Amino acid sequence: MKNKLEKYNCPLGLTLGVIGGKYKVMIIWFLYQNKVLRYNELQKTIKGITPKMLISQLRELEEDGIIKRKVYPIVPPKVEYSLTAKGESLIPILLEMKKWGEKYKSNT
């Protein structure tokens, strides 16, 4: 996260740096809708995402404090993802983006 803070001198650029990417917003949205999801559930929910890309996006979101990863010490390993308070604070923004998308779609 510190690298991102140093990289962007504009708050909008920082926001896009944190949530930008092909799948990050969808990961956040599905975690908002479901509260907690396991890796396989996320992979099934997000069409077209490769395992490598999903792992990368999850790691970046975790590093930025948007999601938390809970590992259960069992065999086979069980890992769950959920939103942090920072992640939850993005939901009003995503709801507005959803409204915009719905309007855009109905006007084209």
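Values in this text are rule-based calculations from the coordinates and carry no lab data. As the structure is a prediction and not an experimental result, all values here were calculated from the model. Glycine also receives a Cβ, built like all others from the backbone with ideal geometry; neighbour counts cover every protein chain displayed.
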Across the alpha-carbon set of region 2-101, Rg over Rh with Rh taken as the Kirkwood radius works out to 0.98
In region 1-107, the trypsin sites (Lys or Arg not before Pro) that sit in a DSSP loop and have at most 12 other Cβ atoms within 10 Å of their own Cβ are LYS22, LYS35, LYS47
Between ILE67 and residues 5 or more places away or on another chain, the pairs with built amide H atoms under 5 Å apart involve GLU62, THR84
Nearest-0.05 FRET efficiency for LYS47 and LYS7 at R0 = 35 Å, using Cβ-Cβ distance, is 0.70
Place a point 7 Å from the Cα of ALA85 in the direction of its beta carbon; the residues of region 53-78 whose amide N falls under 19 Å from it are 62-70
For MET26, MET97, ascending order of other Cβ atoms within 10 Å (fewest first) is MET97, MET26
So the FRET efficiency between GLU102 and TYR72, C-beta based with R0 = 35 Å and rounded to 0.05, is 0.40
Per the C-alpha gyration tensor (a ≥ b ≥ c, the square roots of its eigenvalues), region 48-94 is rounded if a/c is under 1.5, else prolate if a/b beats b/c, else oblate; here it's oblate
